[in-house]
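The values are calculated or read from the model by the stated rules, or taken from the named source; none is laboratory data. In this text the structure is predicted, and so the values were computed from the model without any measurement. Cβ sites come from the backbone with ideal geometry, for glycine too, and all protein chains shown count toward neighbours. Only protein heavy atoms, including side chains, enter the accessible area calculation; ligands, DNA and RNA are left aside. Shrake-Rupley method; radii C 1.70, N 1.55, O 1.52, S 1.80 Å.
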Amino acid sequence: MPQGALSGRRKAGLVEDATDTVLAAAGLTADDAPRVWVLVHEQPDGTWGAGGSVIRYAGLVALARQGKEQAKEQAHA
């Protein structure tokens, strides 16, 4: 994920959700949670890409906002 994209609270939520998903998929209980390790890799802006282009964090934010606006418009149509 882009460096700085998630607050500490959101990272903690991501780790918790990923752990719960792995436990459920593996048929394990909460007692097995210490066996699940989640690594959050933050990448500096400009060090990743898709479709042959470098992807910047600001561009992702703009796309996400555009997607939210389109979803709102469709919901009100």
Worksheet item: Any idea what angle helix 8-26 forms with the longest principal axis of the chain, computed on alpha-carbon atoms, 0 to 90 degrees, nearest 10?
Response: 60
Worksheet item: Based solely on its DSSP helices, what 222 nm [θ] is calculated for the chain when runs of n ≥ 4 H residues each add -39,500 (n - 2.57) and the sum is averaged over all residues, nearest 500 deg cm²/dmol?
Response: -17500 deg cm²/dmol
Worksheet entry | Geometric extent, Cα atoms of the chain - Rg, Dmax (angstrom) | 16.8, 47
Worksheet item: Using the heavy atoms of the protein chains alone and a 1.4 angstrom probe, what is the accessible area of the chain per residue in square angstrom?
Response: 80
Worksheet entry | Angle in degrees between helix 57-76 and the longest Cα principal axis of the chain, rounded to the nearest 10 | 80
Worksheet item: In a shell of Cβ-Cβ distance under 12 Å around Thr19, excluding Thr19 itself, what net charge do Lys and Arg (+1) and Asp and Glu (-1) give?
Response: -3
Discussion item. Once R0 is set to 22 Å, what does the formula 1/(1 + (r/R0)^6) return for the Cβ-Cβ distance between Ala33 and Ser7, expressed as a FRET efficiency to the nearest 0.05?
Written reply: 0.50
Worksheet item: Roughly how big is the chain's charge dipole about its Cα centre, with Cβ charges of +1 (Lys, Arg) and -1 (Asp, Glu), in debye to the nearest 20?
Response: 300
